[in-house]
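Here the structure comes first, spelled out in structure tokens, and everything after it is commentary.
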Amino acid sequence: MQHKLLLAIGSALLLIATACAPQPTAQAPQATSQPSGQQQPPQQPPPAQPVKGGTFTDASFADAATMQPLLSQDTASSSYINRVYAGLTRLDPKTLDVVGDMYEGKGELSADGSTLTWKLRKDLKWNDGTPITTQDIIFTWQKMMDTNVKFPYRKLYQDAFSDVTAPDDYTVVYKLTKPGFCPALNSSGLIAPIPKHVFEKLDINQNDVNNKPTVTDGLWALKEWAKDDHASFNPAYKNYVRGEALLDTYQFRIVKDNTVNTQLFKTQEVDIATPDPVDWDEVKSLPFANAYTYYPTSGASWTYIGFNLRNPVLGDKAVRQAISTAINKQQMIDKIRQGHAKTQFSIFAASSWAYTDNVPKFEFNADKAKQMLKDAGFTPGSDGILQKNGQALKFRIHYNAGNKQREQIATISQQYLKDVGIAVEVIPEEWTAYLKRIGETRDFDMFVLGWSTGVEPNGSANIWKSDGGQNDPGYKNAEVDKLFDQAATVAGCKQEDRKKVYEQIQKIIAEDQPYVFLYTSESLVAVNKRIQVNPVTPLGLSYDLQKWQLTQKTQ
Amino acid sequence: MSRYLLRRLIQTIPILLIISIVQFTLINLAPGGPMRALLQDPNASIEDVRRLEAQYGLNEPLPIRYLKWMGGFVTGNFGYSYFTHEPVLRMVLERLPATLELGIAATLISYIIGIPLGMYAGLHRGNRIDHAIRGFTSLLNAVPHWWLGLLCIIAIANIKVATGVLILPTGGISTLGLAGFNPGDYLWHLFLPALMLGTGGWVTFARFLRSETLEVLGQDYVRTAKAKGLGPRVVNYRHVLHNALIPVITLSAGLLVGLVSGAVLYENIFSWPGMGRLLFEATLKKDYPVSLGVGFFLTMLAVAGRLVSDIAYGWVDPRIRYD
């Protein structure tokens, strides 16, 4: 009797689970071609006519903290904000030049380089019909500079611009702090303007409009936001600067675990996945997946091992060069990234326009590394560890706990360094404590970390200039300091002219090896074939979202 | 009874105070801090850090900060998140229903599966099904259930790829795009996370109830009941189950604590938008007001669970008297 009771309970639970399953609302079209994982992404045949309607479900590792552009300081918030607010400028997907978005054409640098002038388009309106004028831009700038507003990037903007003025409703003049400062072109359009008539009477830090913006000018409007679960956006505004959205709905599902995200892609509960390299072969072979592999210029991700040059032993360039030579970077790429990365020898991601690999390279050669250490005066001690003047080559290498790739880098490096007579202790640490150690207390010998870099190379000046806030190794080179200033103020700001200066910087720093430069990661993205996305460019796929559409009409 | 209840309620005050002090101290003294995440300027000076610390009140001595936090807490002001700038109380209340629903569903599953299994195994000691139940529960005891949850998600995804049938959703609280609240869809999404979160509970109940049943079966009053000629159903349900279940009530309070702490793991794996997920994020970012607010709310839930179980204990067992 009890046995039957148990069976009944079990059956009832299963029935509840399956009977409650909702019917799918839309059928995905059949796959038209086999997936591919080649370097060049597959080109889908574009629909004969633009297909209107349909939903795209994105997956986000975190929910947005805010939808107020002046308070945003995380990637997820930026993603939401970019959906609902238009940008002043954008990067040309092909040339990577800064061009106008709400602004027209290109910014004009005055002859003496002291001001940058942009013209605002005259046909722009907020979605409540109010014209967008420079008053909105000046209001936004004033709030950015208001110390009562918790705007996290104030000092960065103060470093670039001493003032922003508007001679008329459609002209904006940025006064540059440093004459001829090329990165100012990029900085001038980074923060989306907010509607003055909505926010002028509100406390920007805390108000009910921040996270329920109704007066916007972006491609999408917020339809629904269930915190930590999902956010949905509907097409907002057919007068959006780049045209009307073809999709009906763009929605984010919050999935914090990448393994789970991959499974959600497999079940087609989300339309996009960025699988771990170990899962890539499986994902790209799914019949409904289009696989894209590329090296982005914007958001390029690269990994390194940093040295503490304040340590007298690691302050010796020969020791750093020997350590770099002792570590097999290609094997790391093969084992950790399953080949989905490029070795990097310089301070820029291999995909950056400023990158050159015409620099001193310290490729793996254990025998050469031993010889280099011998030449530097190190001899084996009784325990086999190299030493000089009683100082053994024993170091700590830190990484942030939970990051599997960095853990593998630390342990593989430990083995390689042991092979040449260097003892390394591997130490995991909680993320914020780790950042404090690296960035504030500087109590480390070596550390594993990575950078995600933008298109503008001057962003690296903070890392390499002697007084740079992110110069964790304590690298000091007066010539590099001078060259960074020179590269940022090249007359005319042309990429090819600036690149020549950045090449000199790369050669000097590669020779000095304050980092063991490891690799630039390849982006691995799978998109459901029912969605036609843009061709891959150095900006990746997520530009011109108004052009994304279904590959065929579905009901 | 009312005097007992009042006394227990008063006793919870120092308990909560002590826990709040421990939580506050641990959270604030943990290495790292929110400054790195809050200060986006790479060239920020020490003065910039100090200014920001003062803006967030982090430059004051720990006891003063605690008193301010507690003062705000008793007046219903849990503070504001460093990152979202939202009131912590609102953030907690937004996520509380999801955590409670998951917890209640997991509790029900624990009872619905654990009690019949334990009872059956105890009443049929030594037969094949008893052996199977013991083996299965021992195995589940040895496996981390969150990992099992991850395996289930992978299995469901592979079944979907192979057959085109989605047996259960692999994450989230509802199917995106469905208009309005759909109870069927909600239960469909709730099932797997609740089953996984409840697994620890029903395994414990099954094992515990089996041994309790065996012990009660050996009692004189059961022998007497059988000798009086009562049928096995009456003996089993009225005498055996009733008495074997009493200690389960004590276990239930522990189960609630387990469910609350388990929420942190399971809500992350199953993309469930509850308080556990909020606590996890806040702890990683060192968002002190949110960590403290959620942590203390979960503590209150656990303490309330203990109180309810103590009261229920006396209600079920007439030998217990409240003085």
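Data for the structure
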item: Computed magnitude of the charge dipole of the protein assembly as shown (debye, nearest 20; Cβ of K, R +1, Cβ of D, E -1); result: 2320 debye
item: Formal net charge of residues neighbouring residue A:283 (Cβ-Cβ distance under 12 Å; K, R +1; D, E -1); result: -2
item: Shape metrics for the protein assembly as shown, restricted to C-alpha atoms - Rg then Dmax, Å; result: 31.0, 110
item: Total formal charge among the other residues, if their Cβ is under 12 angstrom from that of residue A:231, Lys/Arg +1 and Asp/Glu -1; result: 0
item: Förster radius 45 Å - calculated FRET efficiency between residue B:29 and residue B:311 (Cβ-Cβ, nearest 0.05); result: 0.80
item: Peptides A:445-456, A:426-437 ordered by average Cβ neighbours within 10 Å, highest first; result: A:445-456, A:426-437
item: Amide N of region A:69-100 lying under 20 Å from the label point, which is placed 7 angstrom from the Cα of residue A:547 along Cα→Cβ; result: A:82-84, A:86-100
item: Cβ-derived FRET efficiency at R0 41 Å, residue B:257 paired with residue B:60, nearest 0.05; result: 0.80
item: FRET efficiency for residue A:234 and residue B:100, using Cβ-Cβ distance with R0 set to 45 Å, rounded to 0.05; result: 0.90
item: Rounded Å value of the spacing that divides the Cα centres of region A:435-459 and region A:341-374; result: 19 Å
item: Under 14 Å, Cβ to Cβ, from residue B:259 - net charge with Lys/Arg +1 and Asp/Glu -1; result: -1
item: Label-point gap, in nm, between residue B:132 and residue B:15 - each point 7 angstrom along Cα→Cβ; result: 4.1 nm
item: Linear extension gain, residue A:507 paired with residue A:206, 0.36 nm per residue minus alpha-carbon span; result: 103.5 nm
item: Residue A:366 versus residue B:211: modelled label distance in nm, points set 7 Å from Cα along the beta carbon direction; result: 5.3 nm
item: Distance in nm between pseudo-label sites at residue B:68 and residue B:3 (7 Å out along the Cβ direction from Cα); result: 4.5 nm
item: Stokes-Einstein D (µm²/s) once Rh is taken as the Kirkwood radius of chain B over alpha-carbon pairs, at 37 °C in 0.692 mPa s; result: 143 µm²/s
item: Inter-chain Cβ neighbour average for residues B:90-100, partner chain, 10 Å; result: 1
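No value in this document is a laboratory result; all are computed from the given coordinates. No experiment lies behind these values; they were computed from the predicted model shown. Every residue, glycine among them, receives a Cβ derived from its backbone with ideal geometry; neighbour counts consider all protein chains shown.
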